[in-house]
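One structure below.
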Amino acid sequence: MGRRQVLGIFGTTGALLVVGCGDDGDSSTGSGGTGSTDSPTTGGPTTGGTSSASSGASTVEPTGGEGTPGTASTTATTDTASTTDTTGAIECGDPAAAWATGGTASMTAQDCYPDPFARPVLSCGLICETTAGPCTTAVKLERKDVSEGFAGLPVRLSLLVVDADTCAPVAGAKVEIWHTQRTGVYSGVTPNPPACYLDDPEAATFMYFRGTQTAGADGRVDFDTCFPGWYSGRAIHIHFQVIRDAKVYATSQLFFADELNAEIFASHPEYSEFGAPNRTNISDNIIGNQADKSNYVLDTARMPDGAMLASKAIAIRSSPQDPSCAV
């Protein structure tokens with residue numbers, strides 16, 4: 001899955017200052033891109049646990065979790081401890097001392113999550129195309145919480161869609177995301193079940209970690225999800241597609257910093273059993289050859305409840321007839 005030339009710089013408050021966009025990637029399905037495939041291969045995590053965190057849609061942002069505190073990972077990763085009042089509610093303050101566990105039900109301090117797009121986007125570059133991969137589905141679910149109660153480190157994924165020519169927010173843009181659960185398995189009825197389900201045939205009966213949201217006038221969408229898993233041959237990634245007026249404007253992928261991935265799979269109690277990913281962003285067959293990978297890497301921060309806030313501004317073409325780029 002590829003990244004774009006998207007560069008996010010955060011200030012001390014976590015606000016995005018500058019955004020750039022970039023390449024495209026390989027294409028097996030989806031728009032733009034040429035080259036490699038994006039299907040899980042044997043050798044990655046195959047056990048597919050489901051845990052019972054509540055599955056309803058919630059208005060929360062990334063919360064941290066158990067495991068050891070995160071070291072600076074992507075462009076903006078912070079680590080702070082939260083406080084608790086006498087009723088047990090988390091008060092806004094420093095980030096939690098460790099990443100949260102238990103899925104999106106652990107996102108208990110949503111009102112404390114900062115706006116990663118509080119500052120305007122001053123410059124932007126076109127997000128480039130990558131393969132959509134073989135694990136797409138025909139079913140589209142409009143929802144914010146895409147976890148379906150599955151376990152994992154809770155993540156608030158905040159995306160801002162902007163016009164590559166003007167950097168203005170794109171109102172009404174529909175954003176679809178899909179990624180694996182912590183075991184490295186995709187859900188849903190897909191074109192390539194063996195590659196997407198690995199050894200978990202029950203995955204077809206779920207739609208976890210898939211969903212769409214439509215941006216308002218501010219061009220922003222938010223998803224409550226969990227940190228993805230890995231499978232052999234690929235770096236950890238999240239697929240996304242941007243649609244306007246029933247036309248596809250971008251199909252691409254987002255990634256996490258290698259340091260963050262290594263930390264989570266080494267110490268987080270819901271991920272450590274799967275071991276370290278066997279591909280990094282540098283060795284990934286989609287963005288590995290990109291000199292500037294920052295365009296594809298999410299900005300992250302740990303929240304007072306231990307969830308993760310992951311964010312990125314995505315610049316798209318003004319018209320689907322405009323030239324696109326590929327990774």
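The values are calculated or read from the model by the stated rules, or taken from the named source; none is laboratory data. Keep in mind that this is a model prediction, so the values were computed, not measured. Virtual Cβ from ideal backbone geometry, glycine too; neighbours counted across all protein chains shown. Side chains included, ligands, DNA and RNA excluded: accessible areas come from the protein's heavy atoms. Shrake-Rupley method; radii C 1.70, N 1.55, O 1.52, S 1.80 Å.
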Report task. Please report the relative contact order for the stretch 209-320, taking Cα pairs under 8 Å with a sequence separation of at least 6, and give it as a percent rounded to a whole number. Result -> 22 percent
Report summary line: Taking placed amide H atoms and a strict 5 Å upper bound, the residues 5 or more places from residue 129 or on another chain that come that close are 24, 25, 325, 326, 327
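Between residue 245 and residue 218, what FRET efficiency comes out of the Förster formula 1/(1 + (r/R0)^6) with R0 = 30 Å and r the beta carbon distance, rounded to 0.05? Don't skip to the answer; put the middle values down first.
Numbers: r = 19 Å, r/R0 = 0.62.
For residue 218 and residue 245, the calculated efficiency is 0.95.
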Query raised in the report: How much length, in nm to one decimal, is gained on full extension between residue 199 and residue 291, taken as 0.36 nm per residue of separation minus their Cα-Cα distance?
Result: 29.6 nm
**Report entry** the stretch 151-231, dipole about Cα centre (Lys/Arg Cβ +1, Asp/Glu Cβ -1), debye to the nearest 20
**Finding:** 80 debye
Requested in this report: Step through the residues of the stretch 277-286 one at a time and calculate ³J(HN,Hα) from phi using the Karplus curve (6.51 cos²θ - 1.76 cosθ + 1.60, θ = phi - 60°), rounding each to whole Hz and writing x for Gly and Pro.
Outcome: x, 8, 9, 9, 4, 5, 9, 5, 7, 9
**Report entry** Radius of gyration and maximum dimension Dmax of the stretch 114-267, Cα, Å
**Finding:** 15.7, 46
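Once you have the Cα-Cα distance between residue 322 and residue 111, take 0.36 nm times their residue separation minus that, and quote the gain in nm to one decimal. Write down the numbers at each step before the final one.
On the way: separation 211, 0.36 × 211 = 75.96 nm, distance 3.94 nm.
So the extension gain works out to 72.0 nm.
Could you give the length gained by full extension between residue 119 and residue 139, i.e. 0.36 nm per residue of separation minus their alpha carbon distance, to one decimal place? Each step should come with its number before you reach the end.
On the way: separation 20, 0.36 × 20 = 7.20 nm, distance 3.51 nm.
Computed gain between residue 119 and residue 139 is 3.7 nm.
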**Report entry** C-alpha center-to-center spacing [the stretch 93-126, the stretch 269-320] in angstrom
**Finding:** 15 Å
Query raised in the report: For the stretch 228-239, in order, what is each residue's ³J(HN,Hα) by Karplus, 6.51 cos²θ - 1.76 cosθ + 1.60 with θ = phi - 60°, in whole Hz (x at glycine and Pro)?
Result: x, x, 10, 9, 4, x, 9, 6, 5, 8, 10, 7
Requested in this report: Mind checking which lysines have their Cα closer than 26 Å to the Cα of residue 140? Skip sequence neighbours fewer than 8 apart in that chain.
Outcome: 174, 247, 312
Query raised in the report: Percent relative contact order of the stretch 182-275, based on C-alpha pairs within less than 8 angstrom and at least six residues apart?
Result: 22 percent
Report summary line: The answer for the net charge of residues other than residue 212 whose Cβ lies under 9 angstrom from its Cβ, with Lys and Arg +1 and Asp and Glu -1, is +2
Report summary line: Which residues qualify? For residue 314, with a placed amide H closer than 5 Å and at least 5 residues away or on another chain, they are 160, 161, 162
Query raised in the report: Considering amide H positions built from the backbone, and no H for Pro or chain starts, which residues 5 or more places from residue 145, or on another chain, come under 5 Å of its amide H?
Result: 57, 58, 224
Requested in this report: At a temperature of 10 °C and a viscosity of 1.306 mPa s, determine how fast the stretch 106-197 diffuses translationally according to Stokes-Einstein, using the Kirkwood radius over alpha-carbon pairs as Rh; express D in µm²/s, rounded to the nearest whole number.
Outcome: 97 µm²/s
Query raised in the report: With every protein chain present, what accessible area does residue 180 have (1.4 Å probe, heavy atoms only), rounded to the nearest 10 Å²?
Result: 0 Å²
